[in-house]
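*Asks:* One structure coming up, written as structure tokens, with questions to follow.
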Amino acid sequence: MDLIGGLSAAKLAIDIAKDLRSIDRSVDEATYKLKLADLSSALAEAQVALSDARLRVNELEAQVRDMSDGTLCPICRKGRLKAMKVTPHDWSGAEFHTFRCNCETCAYETTRTYDPTRGVYSSKNE
């Protein structure tokens with residue numbers, strides 16, 4: 001279940017709780033018990049959806065951490081590539097990003113062409 005489904009289930013649970021307040025228990029015990037069962041079901045759905053959403057948030061936070069730590073070095077597979085220098089291209093608007101491995105024993109360095117208008121690196125370097 002997704003986050004929107006969980007929020008819908010939570011709203012349904014709130015609506016059911018409001019209905020429960022208006023039922024006269026002594027007159028309509030069966031309706032009251034049915035509404036309690038509906039309330040339990042809606043709350044369970046909301047709990048599952050919010051738990052799923054929390055897992056997804058944790059996954060995305062881990063991805064952000066990995067991205068901010070730099071890309072894994074393709075040579076030593078231990079260090080991370082860190083941006084060392086950004087040089088603007090003379091006429092195209094692109095930028096040349098120079099990356100260096102932060103591992104003490106690795107001297108790997110590479111330059112990639114970045115297009116800031118599209119927010120992507122080109123597949124080939126100029």
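*Asks:* Mind checking whether some residue in segment 53-69 is assigned to a helix (DSSP H, G or I), surrounded by 14 or more Cβ atoms within 10 Å (Cβ to Cβ) and at pLDDT below 85?
*Replies:* Yes, because at least one residue in segment 53-69 is assigned to a helix (DSSP H, G or I), surrounded by 14 or more Cβ atoms within 10 Å (Cβ to Cβ) and at pLDDT below 85.
*Asks:* Identify, from the list Thr98, Thr117, Thr111, the residue that is free of Cβ contacts under 8 Å to residues at least 60 places away in the same chain and assigned to a loop (DSSP other than H, G, I, E, B).
*Replies:* Result: Thr117 is the single residue among Thr98, Thr117, Thr111 that is free of Cβ contacts under 8 Å to residues at least 60 places away in the same chain and assigned to a loop (DSSP other than H, G, I, E, B).
*Asks:* Looking at Pro74 and the list (1) at pLDDT 80 or above; (2) loosely packed, with under 14 Cβ neighbours inside 10 Å; (3) over 30 Å from Glu109 (Cβ atoms), which single condition is not satisfied?
*Replies:* Among (1) at pLDDT 80 or above; (2) loosely packed, with under 14 Cβ neighbours inside 10 Å; (3) over 30 Å from Glu109 (Cβ atoms), the lone unmet condition for Pro74 is (3).
*Asks:* Residues Thr87, Thr31, Thr105: which one is open to solvent by less than 60 Å² (accessible area, probe 1.4 Å) and modelled with pLDDT of 85 or more?
*Replies:* Thr87
*Asks:* Is there any pair linking a residue in segment 4-18 that is on the phi < 0 side of the Ramachandran plot to one that is part of a helix (DSSP H, G or I) and open to solvent by 70 Å² or more (accessible area, probe 1.4 Å), with Cβ under 6 Å and at least six apart or on different chains, and which?
*Replies:* Hits for this filter: Gly6/Leu50; Ala9/Glu45; Ala13/Leu43.
The values are calculated or read from the model by the stated rules, or taken from the named source; none is laboratory data. Quick caveat, the model's predicted, so the values are computed rather than measured. Don't worry about glycine lacking a Cβ; one is built from the backbone with ideal geometry, like all the others, and counts go over all protein chains shown. These area figures cover heavy atoms from the full protein model, side chains too; ligands, DNA and RNA do not enter into them. Shrake-Rupley method; radii C 1.70, N 1.55, O 1.52, S 1.80 Å.
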